[in-house]
Every structure is written in structure tokens, then in C-alpha cells.
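Worksheet for the structure shown next.
Every number in this text was worked out from the coordinates using simple rules, so none of it is lab data. Only a predicted model underlies this, so the values are computations on that prediction, with no experimental measurement involved. Every residue, glycine among them, receives a Cβ derived from its backbone with ideal geometry; neighbour counts consider all protein chains shown.
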Amino acid sequence: MFNRYAKALTLRQEESQLRSPRTYTPIDATHVMYEGSTYLMMASNNYLGLTHHPHVKERSLQAIQQYGTGSGGARLTSGSFPLFQELEARLAQWKECEKALTFTAGFMANLGTISALVNKGDIIFSDELNHASLIDGCRLSGAKVQVYPHRDVHALEPLLAEPMHYGMRFIITDGVFSMDGDIAPLPELLELAERYDALLIVDDAHATGVIGEGRGTAHHFHCESPRIITTGTMSKALGSIGGYVCGSQTIIDYIINHSRPFIFATALSPADIGASLGALEVLAQEPRVYQNLRSNTEYMHKALHSLGIPSSDETPIFPIIIGSNEGTLEASRLCEQEGIILSAIRPPTVPINTGRLRLTVTASHTKAELQKVIQVLQRLPIQKTL
Ligand SMILES: Cc1ncc(COP(=O)(O)O)c(C=O)c1O
């Protein structure tokens, strides 16, 4: 009965693509215990180190004390407790949009936003390196999907120019691309969206707290338009969990009434909302945290540059390309022997032969720790294309 699953797993094993979760015990924002030893974590999305910030923890604990451990229902039935209003108002203010709405995860925000707003008969233009949750949202919508080459607005333009007799156009992109750390060309995409009357959906999962003074991609480029609908997550730089979408009042009201992942899922818990609120408060009140992330990002960029490893100084995601699956696993093991966790990212998460260590720096790493990482990287067989 389970033959086909067992066979598929064996195939994954043979191709060095088998994955299984490991249990790391967090010590603080940048260190974990694993099998009795302490490791430096260089692979997390905890960009601002807020999972262990005293104010964020305190806000989360307070929320449990006041409202309990679970929401007990969906938002449209019994699950909307007062912190939702507070968080959604804060998110809207932070992202400079009319309204925000939360989902139980960033994945759900993308599924729920795209499947609600896009209908059969519409057409989606999707960057080839978009995150799985955007891809699945596109599939769920039933619309035609045209994938355009990564960040290539020149290739996108003629696709948009094809005449359409009915339906709407949507351009969908990651803001900061999760596996490469590069940024979508938002001003050019917005210009195309305006010219061809399209809506532009931008996933700010890795941009929130990270670029544009922490406000994300639109703020980074000073782009403002009701055509831009932003999704994102509280699970990365905000140190909590839960997704969100930001847009006009009409868009949010429509999503509330049409999005199945919103309507048919239990609302986030008080602990999650409390932590997210705490994180947004830290972002607004402690500029030092964001500045530390910037400073560590620039430090790592300069160090990698001096090793001949290409990178950008705009985001804290540094793909260290190894190539083969086996080589990537070996490189990850070598780092581990040196006390550093750098996960091996392999296909299908990234294209074939671009296996990589996805190195991320956070606001909480010290320069001495980053220096240690550089020393270890020097000994790895890395594809250097500078
Ligand atoms: C670009 C992007 N979008 C969405 C998500 C989903 O967010 P979450 O993990 O909060 O469900 C992720 C997370 O892995 C992501 O990298």
C-alpha cells in the first residue's frame, strides 16, 4: 500500500535530496543546542533577533495572561479578540496602507489573497523565483499563469501587452527573494502595472523589518500606489508567527468575504499577536535594532566580496552557491564541525545545480561571530564568480 511513497523516499535519498527536521534547542536569538553542543545559528530568518527580545516576550506573556492560550474560533465566528484590531491598525500604519488583515501564516496570506482576488479568466504574471506559497496561490486561483524570467521587466512587458478581452491582469512577485536575497524591481513593475492596468501583489515576507527602514519593499523604493497589495509574515523579522495582507479598504473587505484560508481557519493565538505587536513597537522605538542588522549586512557583504563571493549589501540573505547536492551537504557538514549551522538548500527549493548554503545575518550577531563564519567559508569549495 505504501510502496509508491517508500520508493519516492528512496529516490530522494539516492539524489541527496531527502530532508527531515532536526531539533535545535534555542539558547538565544543566534545560538542553539544540538546533541549536547552549542552552535552559532547562521540560517534563520530571525533577522532582527526579536524572538528573544525582552519586550516582545513580555507582550506575548501579557497577551496570554489577559486572553488565554488560544483564540477558540475563526475570525468571523468567535475568534476576534481586541488585540487583532490593535495589530491590524499598527500593521496598516507601519506599511502605510489603508487597511491590514492577518492570516494564520504567511503561506495562508498568499494562498488566501491570491485565490480570493484572482479569478478564472484573469491572467497572472509571476516571477520565476517566486515563493511556493505564491505559486500555489496562483494555481488555486484557476487563472492562467505566465511565468516571466527572474526580475526581467523587459521580458515581462510584451507578455503584458498581449490583448485581453475580459478579465484582469496581476503581476505577482516576492519583494525580497528568499533564496537569493535580491530585490524585485518595484518601480519598473509598478510602471508596467499602471501602463497595462494590472494589480501588483508583492510578498514582503523577507522585506518586512529588513529593507525600507523595516517597512518593506514599497518604502525602500518610495513607491506608493493603490495598485500595490502587499502580503507578508510575522514569522521572520518580527519573531512571531502569522501572515498579513495590506491594501485598500475595498480589497481587505473583499478578502474578508471571499478568502477561504481566512474564513475557514482558526484565528491566531494571543501569544502570537502579542509578540507581533511587541516586535512592531521595538521597530518603531529602538532604531538601534534595525541599524545593527544593516551594519552586520554591510560587514558580511564586504567580507564575502573580499573572498570573491558575489553578494549584495541590501539584504541579509547571502546565497553561498556550491552547486551539487552532495557538495552542498558536505559543505553544511563542514560548517557544523566548526560549530556553525548553515543549512544545505537543494532542489526543488532552488534550481538544479545551484545547491547552496543560505547564509543569513541578524541584528544579534556579533562582528566576532561573523568573522568566525568568514574564516570557515574560506575553506569551502564555493562557486566564485566575481
Ligand atoms: C517569500 C515567502 N513568502 C511566504 C512565506 C510563508 O510564510 P510563513 O512561514 O509565515 O507561512 C515564506 C516562508 O517561508 C517565504 O519565504
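Some observations on this one:
- Taking amide H atoms as placed 1.01 Å from N in the peptide plane, the amide H of I340 lies under 5 Å from those of L40, each 5 or more residues away in sequence or on another chain.
- Partnerless cysteines in the chain, where a partner means another cysteine C-beta under 4.7 angstrom, comprise C138, C223, C335.
- Two-site FRET efficiency, T266 against R379, from Cβ-Cβ distance with R₀ of 56 Å, rounded to 0.05: 0.70
- Both radii are taken from the alpha-carbon atoms of the chain; with Rh as the Kirkwood radius, Rg/Rh is 0.97.
- Alpha-carbon centroids, the range 234-291 and the range 145-202: separation in whole Å: 25
- The range 54-285: antiparallel DSSP beta bridges as a percent of all, rounded to 5: 35
- For the range 17-75, the set of trypsin sites (Lys or Arg not before Pro) satisfying both a DSSP loop assignment and a count of at most 13 other C-beta atoms within 10 Å is given as R19, R22.
- Percent RCO, i.e. relative contact order, over the range 54-285, from Cα pairs under 8 Å lying at least 6 residues apart: 32
- The simple spin-label model puts a point 7 Å past each Cα toward its Cβ; for R333 and Q13 those points are separated by 1.6 nm.
- GluC sites (Glu not before Pro) within the range 64-150: DSSP coil, no more than 16 neighbouring Cβ in 10 Å: E96, E98, E128
- Taking θ as phi - 60° and the Karplus parameters 6.51, -1.76 and 1.60, the scalar couplings of the range 86-96 work out to 4, 5, 5, 5, 5, 4, 4, 5, 5, 8, 6 Hz in sequence order, x denoting glycine and proline.
- Unit charges on C-beta of K, R, D, E only; dipole of the chain, Debye: 880
- Residue with peak Gaussian network fluctuation, the chain [Cα springs, cutoff 10 Å], from V289, V376, V176: V376
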